[in-house]
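Trainee: Let me give you the structure first, and then I'll get to my questions.
The values are calculated or read from the model by the stated rules, or taken from the named source; none is laboratory data. In this text, all values refer to a predicted model and were calculated from it rather than measured experimentally. Accessible surface is based on the protein model in full, side chains and every heavy atom, while ligands, DNA and RNA are left aside. Shrake-Rupley method; radii C 1.70, N 1.55, O 1.52, S 1.80 Å.
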Amino acid sequence: MSNVKTIGILTSGGDAPGMNAAIRAVTMVGLSLGLKVIGIEQGYRGILEERFVELSAERVATLFREGGTILHSSRCLEFHEVAVRDRARKILRAKGIDGLVVIGGNGSLAGALALCNPEEAGAWAPAVIGIPASIDNDIGLTGMCIGVDTAINTIVEACDKISDTASAHDRNFIVEVMGRDSGYLAMTAGVASGADLVLFPESGRTKDDVVEVTTAAVVRKRRGESMAGSTLIIKAEGVGISPDELKKRLHVRLIEELGEKEAATVETRITVLGHVVRGGRPSAFDRLLGSRLGNVAVRALAAGETSKMIAWMAPVQMSEKLGIRSAFDHCCWLADLQATLDETEKLVQGDSIVVQWRAAMLNGLEEVHGKEKTL
Ligand code: F6P
């Protein structure tokens, strides 16, 4: 058991639906274990500015329904500096916060690891447990991050609506969705909404390849039974061509493929979903995920753990890297934070087996759509 008596909780980086459910669970479980729970506003910046607010069961009771984060969030670049982290440790210690739950993505978990690193901290460091939250699903060693499910549902709902109007007018739609380094949202929403083409950075396509594959998808639709038809193309933000440029270049290629007269009848529209994808009420799954990760995070702190991230059902092939399975939730693992960040780096660089599976699955589907190959 640990000596942790007061825990702090903060949300950092891009917000994600379900963060509030995690805040609620951390508070409720912490209080039930006899711990004091302090909310820290504005992520790591809130430590430096001493924006602390004690959390009660009443304050968090109905939080699970709300999107965003009641604690607010920020991207605190100063936290990259050791001197700034030293100041943060000093403030936390003075406030009596000896355990910290950090809910966030890659950068936030890197901050968490540095904060509790004994070599850097010297005599005293808080115990720190991370919870993965990023709609991009770009954190290593966890099957899911908080916010992903809600974001996929938002995209699918938008694509369903777009498909109605697209088919009414036989138009092509390029729908851009969030995902700076990861095409996970585009890939999964593409499957769930029956997109004709998904453009994702992990495929490794050049700009020219993207234009070609898009042209092929549109021509295929035009040459199909209806001789017209709408084409739904979902593009991840991280694909290195803007929707406007893609639209222009597609038009040029369609003139070459279909001739000027027919190409003039093909209309392409763009919808950039942007931050719409990150907002909204969390899905039931994100409420559960936030709650279950929050529960395990507090119990890990109470058991004396530090420098871990609570992972959710990572692929079995990774089980040797996952560390301890939680005794409180058989779907959760206490993954080492450093191992998590190493795997995250591989995910972003495209070297992770997970990314290779994702890309292979989607490339396979596209080939089937193109009738070039069967699975
Ligand atoms: O949280 C991840 C993410 O939504 C990325 O997909 C996106 O590129 C980025 O955050 C946008 O961040 P910001 O809201 O700070 O512009």
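Trainee: If you average the sequence gap of Cα pairs under 8 Å that are 6 or more apart and divide by the length of segment 149-279, what percent do you get for the contact order?
Mentor: Computed over segment 149-279, the figure is 38 percent.
Trainee: Same structure, new question: What are the residues whose amide H is under 5 Å from the amide H of LEU197, where those residues sit 5 or more places off or on another chain and H is modelled from the backbone?
Mentor: Correct list: LEU232, ILE234.
Trainee: With every protein chain left in place and a probe of 1.4 Å, what is the accessible surface of PHE285, to the nearest 10 Å²?
Mentor: 70 Å²
Trainee: Considering only protein heavy atoms, what is the solvent-accessible area of LEU293 at a probe of 1.4 Å, reported in Å² to the nearest 10?
Mentor: Approximately 0 Å² for this residue.
Trainee: Among TRP357, TRP333, what's the order by accessible area (1.4 angstrom probe), most exposed first?
Mentor: Solvent-accessible surface, decreasing: TRP357, TRP333.
Trainee: Residue by residue through segment 267-273, what is 3J(HN,Hα) from phi via Karplus (6.51 cos²θ - 1.76 cosθ + 1.60, θ = phi - 60°)? Round to whole Hz and write x for glycine and proline.
Mentor: 9, 10, 10, 10, 10, 9, 6
Trainee: Let me know the volume per residue of the alpha-carbon convex hull for the chain, in Å³.
Mentor: Hull volume normalised by residue count: 133 Å³.
Trainee: Let me check something: with ligands and nucleic acids excluded, how do LYS235, LYS207 order by accessible area (1.4 Å probe), largest to smallest?
Mentor: The ordering from most to least exposed comes out as LYS207, LYS235.
Trainee: At 1.4 Å probe radius, can you tell me the per residue accessible area of the chain in Å²?
Mentor: Averaged over the residues of the chain, the accessible area is 43 Å².
Trainee: May I ask you to evaluate 6.51 cos²θ - 1.76 cosθ + 1.60, the Karplus curve with θ = phi - 60°, for each residue of segment 245-251 and list the ³J(HN,Hα) values in order in whole Hz, giving x for glycine and proline?
Mentor: My calculation for segment 245-251 gives 5, 4, 4, 4, 5, 4, 4 Hz in order.
Trainee: Work out from phi, with θ = phi - 60° and the Karplus expression 6.51 cos²θ - 1.76 cosθ + 1.60, the ³J(HN,Hα) of each residue of segment 77-89, listed in order in whole Hz, and give x for Gly and Pro.
Mentor: Those phi angles translate into 5, 4, 5, 5, 8, 4, 4, 5, 5, 4, 5, 4, 4 Hz.
Trainee: Something else now. Considering only protein heavy atoms, with the full assembly of protein chains and a 1.4 angstrom probe, order THR271, THR344 by accessible area, largest first.
Mentor: Greatest to least solvent exposure: THR271, THR344.
Trainee: Quick query: amide H of ILE146 versus all other amide H atoms, modeled in the peptide plane; which residues come in under 5 Å with a sequence gap of 5 or more or a different chain?
Mentor: For ILE146, the qualifying residues are ALA133, SER134.
Trainee: Could you pull out the pairs from LYS95/LYS308; LYS248/LYS346; LYS90/LYS308; LYS161/LYS247; LYS161/LYS248; LYS235/LYS321 whose alpha carbons sit more than 30 Å apart here?
Mentor: As for pairs spanning more than 30 Å Cα to Cα, those are LYS248/LYS346; LYS235/LYS321.
Trainee: Once you keep just the Cα pairs under 8 angstrom separated by 6 or more residues, what percentage relative contact order results for the chain?
Mentor: For the chain, the relative contact order is 22 percent.
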